[in-house]
Amino acid sequence: MWFQKTVQLTPKSRGFHLVTDEIVHQLPSLNQIKTGQLSLLLQHTSASLSLNENADPTVRTDLETVFNKLVPENHPDYQHTFEGPDDLPAHIKSALLGVQLTLPVSNGQLALGTWQGIVLGEHRNRGGSRRIVATLMGDG
Amino acid sequence: MWFQKTVQLTPKSRGFHLVTDEIVHQLPSLNQIKTGQLSLLLQHTSASLSLNENADPTVRTDLETVFNKLVPENHPDYQHTFEGPDDLPAHIKSALLGVQLTLPVSNGQLALGTWQGIVLGEHRNRGGSRRIVATLMGDG
Amino acid sequence: MWFQKTVQLTPKSRGFHLVTDEIVHQLPSLNQIKTGQLSLLLQHTSASLSLNENADPTVRTDLETVFNKLVPENHPDYQHTFEGPDDLPAHIKSALLGVQLTLPVSNGQLALGTWQGIVLGEHRNRGGSRRIVATLMGDG
């Protein structure tokens, strides 16, 4: 069984956001899969999709702090500057964190770890709504 | 053909460890797949799963050295500190390296490059046993 | 439907290169997939495969600049030095950026975002030709 759908996320502020529920709620077909997987592709190059802790929100605050230090804005070496100081660093963060996840599905549910959630990294100051192509496959 | 199983890794010391054999030995069904793939999800947020050199062990020593410098412990900006100084850096390293791999299977074997191995990054001082959900799919 | 093939890339200079077309041209079977996905595994540990902007080439120039600063050559702590000063940094960049992508296929085409392209990071000074195992799967 194969199923594909574009999932739209509401606009988020710059930073890291838990989006597991927002994605799963748009995929009612998930509960028809007994053994399979869900592949997600974020169709953008200035945001990211990763897995991280779903409990204490200070982990996500610290992710934003650390990535801003790892990839600072306004570095004199940057050539790609015409889309604003947050743009090139956003492309680098997107490359470091990735935009693609393939997750196991078991008995109609995502088989994540107890403390794992899907995290959108919004790396632009005003990124707007973000699109994910979700591909579900498996035994029904 | 779809097959799913939880693979348990023995506890590892902090650092980077080759785990290709430990995973493959727990997946005898692999040799039933002619053309397909194996998806692995490490169900943790303070360890990582990546591919790297399977030969000279100093590459893995250097990975530990470099990631400890990239993401230092005890930075005064960190807010998530109550689980110990190694915890927040472990979450960051897990996000940078990732926890998910999808690997080709050909004639019953993983089709990795000659020098590629699956590497567990254990980023906690005492991470304990780690769990991987393995999903096998393909033509039998 | 399952289909697997090794795709060979021509040798590239050190840096980041758009390779979407070079890969797709070697996969004519792509247009037989109505709903499915394409998994790519770069079979090397000193190069990387990621998604990034397919338009302004200065983004790729800046990727090379930033990753050279994040992972400098000739650091006195490195132990794995016998393959040249560019080798160990190449392994680290490969781990940071990853070597594996799973991409949605829709109506015979890759369903990437408008501004997304597949990017080979060649992290060696003379990396030579690189190999990718491409696995296509889906409903025909």
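Any chance you could give the angle, 0 to 90 degrees and rounded to 10, that helix A:87-97 forms with the longest Cα principal axis of chain A?
40
For helix B:58-70, what angle does its Cα long axis make with the longest principal axis of chain B, in degrees from 0 to 90 and rounded to 10?
40
With a 1.4 Å probe, what is the total accessible area buried between chains B and C, in Å² rounded to the nearest 100? Spell out each step's value before the answer.
Working: alone 7600 and 7570 Å², together 12670 Å².
Counting protein atoms only, the buried area is about 2500 Å².
Could I have the simple spin-label model distance between C:Q109 and A:R131, label points 7 Å from Cα toward Cβ, reported in nm to one decimal?
For C:Q109 paired with A:R131, the spin-label model returns 1.1 nm.
Rounded, prolate or oblate: which fits the protein assembly as shown when a ≥ b ≥ c are the square roots of the eigenvalues of the alpha-carbon gyration tensor, with rounded for a/c under 1.5 and prolate only if a/b beats b/c? Provide the component values of the computation, followed by the final result.
Values: a/c = 1.19, a/b = 1.18, b/c = 1.00.
It is rounded, given that a/c, with a ≥ b ≥ c, falls under 1.5.
Kindly write out, for the range A:30-43 in residue order, the coupling ³J(HN,Hα) from the Karplus curve 6.51 cos²θ - 1.76 cosθ + 1.60 (θ = phi - 60°), rounded to whole Hz, with x marking Gly and Pro.
3, 6, 8, 9, 7, 10, x, 8, 10, 9, 10, 10, 6, 8
With +1 on each Lys and Arg Cβ and -1 on each Asp and Glu Cβ, and nothing else charged, work out how big the dipole of the range C:3-74 is about its Cα centre, in Debye to the nearest 20.
On the way: 6 positive and 7 negative charges, 55 e Å.
Dipole size: approximately 260 debye.
May I ask you to derive the relative contact order of the range B:2-139, considering only C-alpha pairs under 8 Å and at least 6 residues apart, and to give it as an integer percent? The partial results should precede the final answer.
Working: 281 pairs, mean separation 74.4, N = 138.
Relative contact order comes out at 54 percent.
Kindly flag which residue pairs out of A:K93/C:K5; A:K93/B:K5; A:K69/C:K69; B:K34/C:K12; A:K69/C:K12 have an alpha-carbon separation exceeding 21 Å in this structure.
Numbers: A:K93/C:K5 31 Å; A:K93/B:K5 33 Å; A:K69/C:K69 13 Å; B:K34/C:K12 32 Å; A:K69/C:K12 31 Å.
A:K93/C:K5; A:K93/B:K5; B:K34/C:K12; A:K69/C:K12, as the Cα separations exceed 21 Å there.
Efficiency by 1/(1 + (r/R0)^6): what FRET value for A:K34 and A:N74, r their Cβ-Cβ distance, R0 = 35 Å, to the nearest 0.05?
Numbers: r = 51 Å, r/R0 = 1.47.
The calculated FRET efficiency here is 0.10.
Quick one: plug the Kirkwood hydrodynamic radius of the range B:2-139 (C-alpha pairs) into Stokes-Einstein at 37 °C, 0.692 mPa s, and report D in µm²/s.
Working: Rh = 15.7 Å.
Calculated translational D: 209 µm²/s.
Give the nm distances, rounded to one decimal, from C:T6 to the matching residue in every other copy, measuring between label points 7 Å along Cα toward the beta carbon; shortest first.
Reported distances to equivalent positions: 3.8, 3.8 nm.
Among C:N54, C:G138, C:F16, which residue has its Cα positioned farthest towards the positive end of the charge dipole of the range C:2-139, with +1 placed on the Cβ of Lys and Arg, -1 on the Cβ of Asp and Glu, and the dipole taken about the Cα centre?
Most positive-ward Cα: C:G138.
Which whole-number value in Å² is the accessible area per residue of chain C, probe 1.4 Å?
Details: 5110 Å² over 140 residues.
It amounts to 36 Å² per residue over chain C.
With unit charges on the beta carbon (Lys/Arg positive, Asp/Glu negative), name the residue among B:Q32, C:S39, B:L101 whose Cα is farthest towards the positive pole of the charge dipole of the protein assembly as shown.
Ranked along the dipole, the leading option is B:Q32.
Short version: which residues of the range B:75-103 lose at least 40 Å² of accessible area, all chains versus chain alone, 1.4 Å probe?
B:D77, B:Q79, B:H80, B:H91, B:I92, B:A95, B:L96, B:Q100, B:T102
Given +1 on the Cβ of Lys and Arg, -1 on the Cβ of Asp and Glu, and no further charges, what dipole in debye does the range A:2-139 carry about its Cα centre, rounded to the nearest 20?
On the way: 11 positive and 13 negative charges, 69 e Å.
Dipole size: approximately 340 debye.
The values are calculated or read from the model by the stated rules, or taken from the named source; none is laboratory data. Remember, predicted model here, so these are calculated numbers, not experimental data. Reconstructed Cβ throughout: ideal geometry from the backbone, glycine too, with neighbour counts over all protein chains shown. SASA here: full protein model, heavy atoms, side chains in, ligands and nucleic acids out. Shrake-Rupley method; radii C 1.70, N 1.55, O 1.52, S 1.80 Å.
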